[in-house]
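Visitor: Dropping a structure here in C-alpha cells format, bear with me for questions.
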Amino acid sequence: MSLPHAILTALLEKPSSGLELTRRFDKSIGYFWSATHQQIYRELGRLEDAGLIRALPSAVPVRGQKKEYEVLAAGSGELARWVGESHDPKPVRDPLLLRIRAAAVVGTQGLGEELRRHLELHRSQLAVYGGIEEKDFPAGRDADEDRLRRLVLHAGIGLETFWLRWLEEALAEVEGMAGPQS
C-alpha cells in the first residue's frame, strides 16, 4: 500500500506530470521504492478518483497534453495519517540468501561468480549514493526536510555497506570450501 504514499510524497515535494514523476522515481524514490511507469500512471488515476490529487488546470487545453498533478488537502491528510501509523519491518526476502542455503544441499557450483557479481553491483550502488550525498547534501544544508532526506540516503549507504561486508565474508567462505565452486 506504499506506492500511493510514495507518489503523494513526490507530488507534495513538487507538482509533476506523470512523465516527470516516473523520471523522478527513476532518479531518487526508486532507490528505495521502485515502481514501473505503468504502476505510477495507474496509481495517479486511482489517487485522482479518490480525491487525493487533481490535475492542474491547463491554460490552453490540448488533446494529449501531459497533465500536471498536485496533492489536495485530503491527500496531505492521508499522507500524514500514514506517516503516523505503526508498521512492522518487512522480512528480508533475497533470492541470493535462498541460493546460498540451497548450495548447502546441491553444492556451490557457480556461487562464487555470483557473489563476485553481487559485490560489484553493491559497490556500484554505494558509489551512486556517495555521489548523491556529495551533490545533494553539501555541508551546511541542514533544513529539517534535508535532514530527513539525508537520513533515507544514509539508510541506503548503510545497507550497501552491510551487503559489501557480508558478501566479502560469504565469498571468503565459499572460496575456502573444498570442491568445485567457480
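The values are calculated or read from the model by the stated rules, or taken from the named source; none is laboratory data. These figures come from a predicted structure and were not determined experimentally. Positions of Cβ are backbone-derived with ideal geometry, glycine not excepted, and every protein chain shown enters the neighbour counts. Accessible surface is based on the protein model in full, side chains and every heavy atom, while ligands, DNA and RNA are left aside. Shrake-Rupley method; radii C 1.70, N 1.55, O 1.52, S 1.80 Å.
Visitor: When the residues of region 98-127 are filtered to those that are touching a residue at least 24 places away in the same chain (Cβ under 8 Å) and under 30 Å from E13 (Cβ atoms), which remaining residue is farthest from the chain's Cα centre (by Cα)?
Guide: So, considering only residues that are touching a residue at least 24 places away in the same chain (Cβ under 8 Å) and under 30 Å from E13 (Cβ atoms), the one farthest from the chain's Cα centre (by Cα) is R123.
Visitor: Next up: Give the residues of region 1-33 that are open to solvent by 90 Å² or more (accessible area, probe 1.4 Å) and more than 22 Å from K135 (Cα to Cα), sorted by residue number.
Guide: M1
Visitor: Which residues, counting only those in region 157-182, are small (G, A, S) and either at pLDDT 95 or above or touching an Asp or Glu at 6+ places or on another chain (Cβ under 8 Å) (or both)?
Guide: G158, A170, A172, S182
Visitor: Need pairs with beta-carbon distance below 9 Å; first residue hydroxyl-bearing (S, T, Y) and within region 159-174, second in a helix (DSSP H, G or I) and at pLDDT 95 or above; sequence gap 6+ or separate chains.
Guide: Matching pairs, first to second residue: T161/H122; T161/L126.
Visitor: Let me ask another. Under 8 Å between Cβ atoms, which residue pairs at least 6 apart in sequence (or on different chains) link something in region 86-97 that is over 13 Å from F162 (Cβ atoms) with a partner that is surrounded by 10 or more Cβ atoms within 10 Å (Cβ to Cβ) and not aliphatic (A, V, I, L, M)?
Guide: L96/E114; L96/H118
Visitor: So E134 clears everything in (1) part of a helix (DSSP H, G or I); (2) within 30 Å of A172 (Cβ to Cβ) except one condition, right? Which one?
Guide: All conditions are met except number (2).
Visitor: Assess whether L164 counts as being touching a His at 6+ places or on another chain (Cβ under 8 Å) and either aliphatic (A, V, I, L, M) or farther than 30 Å from A10 by Cα (or both).
Guide: yes
Here is a yes/no grid of residues against (1) open to solvent by 60 Å² or more (accessible area, probe 1.4 Å); (2) modelled with pLDDT under 95; (3) over 22 Å from H5 (Cβ atoms):
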position	(1), (2), (3)
D88	yes, yes, no
D94	no, yes, yes
A104	yes, yes, yes
L111	no, no, yes
L115	no, no, yes
H122	no, no, yes
A127	yes, no, yes
E133	no, yes, yes
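Visitor: Among the numbered conditions (1) open to solvent by 70 Å² or more (accessible area, probe 1.4 Å); (2) aromatic (F, W, Y); (3) closer than 23 Å to I157 by Cα, tell me where Y41 comes up short.
Guide: In the conditions (1) open to solvent by 70 Å² or more (accessible area, probe 1.4 Å); (2) aromatic (F, W, Y); (3) closer than 23 Å to I157 by Cα, Y41 misses (3) alone.
Visitor: Can you tell me which of K67, K27 is among the basic types (K, R) and free of Cβ contacts under 8 Å to residues at least 12 places away in the same chain?
Guide: After ruling out the rest, the residue left standing is K27.
Visitor: From the list A74, A80, which residue is open to solvent by less than 60 Å² (accessible area, probe 1.4 Å) and assigned to a helix (DSSP H, G or I)?
Guide: A74
Visitor: Within region 140-182, which residues are touching a Leu at 6+ places or on another chain (Cβ under 9 Å) and not in a helix (DSSP H, G or I)?
Guide: Within region 140-182, Q181, S182 meet the criteria.
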